[in-house]
Every structure is written in structure tokens, then in C-alpha cells.
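The values are calculated or read from the model by the stated rules, or taken from the named source; none is laboratory data. Just so you know, these numbers come straight off a predicted model, no measurement behind them. Here the Cβ positions follow ideal geometry from the backbone for every residue, glycine too, while neighbour counts run over all protein chains shown. Side chains are part of the model used for accessible areas, which takes the heavy atoms of the whole protein and leaves out ligands, DNA and RNA. Shrake-Rupley method; radii C 1.70, N 1.55, O 1.52, S 1.80 Å.
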Amino acid sequence: RRVYSGRIEKFTMGCDFDFWVPVPSKELKMSIRDELNIPQEKTIFLASGNFIPRKQFDKLIEVFNGIQDRKGFFLIIAGHGDDAYTRMLELLAAPLTKQGKALLYPYVRGEGLRNLYWASDIFISAATDEGGPVTVMEAMGCGLPVLSTPVGETAERMKKHEAGRLIPNKNYDEWTKSVLEILNNKLPKAIDIPIARDVYN
């Protein structure tokens, strides 16, 4: 305010809600899972973004490592980053990937990324800070419930409409608790697509 006293508004990047749509059929969902070598009966958790520390992908992997004896889940993390951080994520995920419970997927956009949403049951956004994460908007367009840290405009909207589930930024025990509740057939509610479309399309 020392340099500007005028009107301030929040803007989000948005995404194309004519492209990011729910999977057209159960058969297509099953076909995509087959292509990815993911067992059909698993609950699929998807996270996507740049491989950088503030996204907390390392902490997310550690949460799933902590429940690796639990059956019924599969974790996909899609993205890219510098070689050192990517290698660290690969090493962290090794216990899960060796058991066929996780997949680190290369950076992909367009139909390739949409297929990952379509194969999944829930999207996770675990960043320590965000403005308006487009990945969450894409997940909303695809009809997925979202498990998110309470950052960014999307988290504010989830709270307003009692959709998805918010997890504390760095309380990883609460992350684990939420994941286990989801695995006990308690998927949170996805935000209504018309609501998301109205503000993010």
C-alpha cells in the first residue's frame, strides 16, 4: 500500500473445462489403468507438478512409505525437476515401486496428463504455498475429489463448498490419517463441476 492504493483483485490462471472433463466411461478408465499396469481394484492417488521442495512430494512419498504394508492403494506422482531432486524422489519411492504400489511418471501435458487424471480416484496437492494451482483446477474439471493443504484460492473454494479435504501444511500424521480414511472407503466429495467451471474455465 506504500506504492499503490487502488483496487486489488485475485486472478487465477484457469484451465479449459471443455478439455478437462470426467472420464467418459468406466471402460476407458479401466483401459488406461491397464496401459499403466495399475491393478484395477486399487484406489489411485495422483499428484502432479514440478519436482521442487515446496511441493512436498518427498513428504507425500514418506507418508505412503509409512503405510506400505496396507493393501489397496497406488500412488502416481507425475512431473519433472532437477536431476538431484528427481533422484531423491526415486530413491524415496523405491520401496513402493518395488512392491508395485507407486509410479513416478515423466512430465506430461495434454491428453497424456488427462489420462492420469482419468485413471485416478483422488488428486493430492501437498504444496506449502500456492496461488491458484492449475493442477487442482484440472482435477476438479475431471470430477476428482481433492486432498489439499490449505493454500491457494482452490483450497478456499473447497472449504466454502465443503468439498474435498484439507490437510495441515506440515502435520504429516494428519496426512496419514486422511489417506487411511480414504482407503477405508471414505473418499471426500468432489466439488460440483459447474461451480468449478464458473470460476476457473
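Checked against the criterion of being under 19 Å from Gly14 (Cα atoms) and either touching a Ser or Thr at 6+ places or on another chain (Cβ under 7 Å) or among the charged types (D, E, K, R) (or both), the range 168-177 has no qualifying residue.
Any idea which residue in the range 53-83 is farthest from Asn171 (Cα to Cα), counting only those that are open to solvent by 60 Å² or more (accessible area, probe 1.4 Å), assigned to a loop (DSSP other than H, G, I, E, B) and free of Cβ contacts under 8 Å to residues at least 60 places away in the same chain? Out of the qualifying residues, it is Asp82.
Hey, could you check the range 26-41 for residues that are open to solvent by less than 40 Å² (accessible area, probe 1.4 Å) and at pLDDT 95 or above and say which is farthest from Gly112 (Cα to Cα)?
Filtering the range 26-41 for residues open to solvent by less than 40 Å² (accessible area, probe 1.4 Å) gives 32-33, 36, 38.
Checking which are at pLDDT 95 or above leaves us with 32-33.
Numbers: Ile32: 10, Arg33: 13 Å.
Once the filter is applied, the top-ranked residue is Arg33.
The set of residues in the range 128-155 that are modelled with pLDDT of 95 or more and open to solvent by 50 Å² or more (accessible area, probe 1.4 Å) contains only Pro150. Counting just the residues of the range 164-201 that are out of contact with any Pro (no Cβ under 9 Å at 6 or more places or on another chain), of a type in the set (Lys, Arg) and in contact (Cβ under 8 Å) with a residue 12 or more places away in the chain, which one comes out surrounded by the most Cβ atoms within 10 Å (Cβ to Cβ)? Only one residue tops the list, namely Arg197.
Filtered by the rule that a residue be β-branched (Val, Ile, Thr), over 17 Å from the mean Cα position of the chain (by Cα) and in a loop (DSSP other than H, G, I, E, B), the range 1-37 gives Val3, Ile8, Thr12.
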